[in-house]
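Each remark here refers to the structure printed beneath this line.
Values in this text are rule-based calculations from the coordinates and carry no lab data. Computed from a prediction, not measured in an experiment: that's the story for all the values here. Reconstructed Cβ throughout: ideal geometry from the backbone, glycine too, with neighbour counts over all protein chains shown.
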Amino acid sequence: MANAGIIIPAGEWTLDVNGNVNAFATMADYDTATGTVPATGTALAGSVDANGEDTSYGLNTGLLPAWLGFTGTTRQNDLDVSFTISFQPNVSDNTALGMGDQATPLNRQAFITFGDASWGSVKLGKDLGIFAGDAILNDMTLLGVGAGGGASGGATTLGGIGTGYIYPAWRGQIAYTTPDMNGFQATIAITNPDQGQGEAATVESATYSDRFGIEAKAHYMFNAGAASGKVWVSGASYEREQAVGTTGYKTGSWDATVADIGLAVNTGNLGLVAYYYSGEGVGQGLVADLLGSEGASCTANSASAGGTCSERDSDGGYLQATYVIPSGTKLGAAYGVNRIDALNGETDLIKENNRWTVGAYHPLTKHLNLVAEYNAIESEGHNGYNAEMDTISLGAILFF
């Protein structure tokens, strides 16, 4: 995310100031939903509300928040040393007069790295998660909106999160990355589980972790004649605990495990991405339920005994094709879906969220892109629930 921006020599350090500003006007049109929305899971497709309103409007950032990043690098004692700190302010607000900043500004990066090309590098701090990180970075809606547009004052939209891949999140981590070995590179890390206070959690249905998470990935960069690209695999393992009783510390536990595989290829003006993930106990992978309670169904065994949790299986992925026409405009189309299976005939559960995206991304200058997108989002429940919505967004993103 921190790519050569404004370079400033500063004594023994080189400071890179980088980031983006983007804003999109989005209109969402909702159909009347069929059936009752399930209590478990999140339907990403909105529907006509109780007052009969079938449209909404928003002027917000897209999948990327506005970004201001600072990266400092130096070479000391045969080590490459760096730090990165970034801030993500908003471009919109949810009040009519714009006087109340409803969407809290984000702080997504604060980490240090040290290493050498001969043995690799170590990262300590908060950065993009390792599992599913390549899925979001290869998503064309990273420059646009994707799903989740239309609500006024939101900090960011969802892109393909929940409709193609699990949100990698921004995680505290200690990670080791190997040196580049003729295109092959691997990373393994312990990560902050980002959930509660362990055994101190007393709130009924609170979800937390008893250990660090483990995330890893490996990728291979290749060139084959006119084609070049990247193939990757990654995975994550978390142990989840959930309070399932009304008194004491009666808990159930389960393992949240997931793995993925992806391929991105470019040949000439054509770009193709294919991605798939499969997991147990990880839920839909949205921001609010990331590797959380939606991944399993838990019940208390008795008033004094612990609970029992059963993992739900889930999978998903996306296919994407882009083509750069002579004007320099990149045209793209993508389809993505996230699915979750029901347990023991349960029906009060979202079954899947899927999305079609058609987009145009035009480089007005070297750093400024104009963006137009159409997204069709559908949500289905195991109980027969169905909701559909369409969004159109127009805006621009400027990188520096």
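A few points about this structure:
- Residue-averaged 222 nm ellipticity for the chain, from DSSP H runs of 4+ at -39500 (n - 2.57), nearest 500: 0 deg cm²/dmol
- Sorted on the mean count of surrounding Cβ atoms within 10 Å across their residues, most packed first, peptides 159-165, 359-365 read 159-165, 359-365.
- Across the stretch 106-163, C-alpha contacts under 8 Å between residues 6 or more apart give a mean separation that, scaled by the residue count, equals a relative contact order of 23 percent.
- 5 angstrom amide H check on Gln109, placed H, neighbours 5+ away: Ser86
- Percentage relative contact order, the chain, counting C-alpha pairs under 8 Å, at least six apart: 17 percent
- For Rg and Dmax of the Cα atoms in Å, the value computed from the atomic coordinates appears in the list [x] 24.1, 78; [y] 23.6, 72; [z] 21.9, 70 under label [z].
- Phi angles across the stretch 29-36 convert, under the Karplus curve 6.51 cos²θ - 1.76 cosθ + 1.60 with θ = phi - 60°, into 3J(HN,Hα) values of 10, 10, 8, 6, 6, 9, x, 9 Hz, Gly and Pro given as x.
- Across the stretch 216-231, computed HN-Hα scalar couplings (Karplus, 6.51 cos²θ - 1.76 cosθ + 1.60, θ = phi - 60°) run 8, 7, 9, 9, 9, 8, 9, 10, 9, x, 7, 9, 9, x, 8, 10 Hz from first to last residue, x flagging Gly and Pro.
- Mean Cβ count within 10 Å, highest first, over the residues of peptides 326-332, 388-394: 388-394, 326-332
- Using a cutoff of 8 angstrom between alpha carbon atoms and counting only pairs six or more residues apart, the relative contact order for the stretch 281-400 works out to 17 percent.
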